Amino acid sequence: VTASAMVTALFLGGWNSPIVLRGSHLLPPLVWFLLKLSVMLFVFIWARATLPRIRYDHLMQLGWKVLLPVGMANIAALAIWQAMMAGWH
């Protein structure tokens, strides 16, 4: 519920109505907030129930053997790019 409330407040406009007709809102702000919160809660529960659980050892293997080398290659490529751009000016 807390994560849904944070997503609603930070990314979905909080209590603001997405539909405004001639300057008046269709529903009160609290109803909009609770509606958006309920939708996000449904999405979170749905994703949690349908996606498989990742074992801790597989997650650690992904981090150490894949993501760390990719991140280091990204840093090296960016450093080379920045050095080349600084040399051309």
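The values are calculated or read from the model by the stated rules, or taken from the named source; none is laboratory data. Just so we're clear, the structure is a prediction, and the values are computed from it rather than from any experiment. Note that we place each Cβ from the backbone using ideal geometry, even for glycine, and neighbour counts take in every protein chain shown.
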### Message
Among the residues of the stretch 67-86, are any surrounded by 10 or more Cβ atoms within 10 Å (Cβ to Cβ) and touching a helix residue (DSSP H, G or I) at 6+ places or on another chain (Cβ under 7 Å)?
### Response
no
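L34: without any contact (Cβ under 8 Å) to a residue 12 or more places away in the chain, of a type in the set (A, V, I, L, M, F, W, C) and not in a helix (DSSP H, G or I), yes or no? Break it down stepwise before answering.
On the way: without any contact (Cβ under 8 Å) to a residue 12 or more places away in the chain: yes; of a type in the set (A, V, I, L, M, F, W, C): yes; not in a helix (DSSP H, G or I): no.
Here the answer is no, as L34 does not meet what is asked.
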### Query
Counting only residues that are loosely packed, with under 11 Cβ neighbours inside 10 Å and either modelled with pLDDT under 90 or more than 22 Å from L12 (Cβ to Cβ) (or both), how many does the stretch 23-48 have?
2
### Message
Return the residues of the stretch 1-31 that are more than 20 Å from the chain's Cα centre (by Cα) and assigned to a helix (DSSP H, G or I); say none if nothing qualifies.
### Response
P29, L30, V31
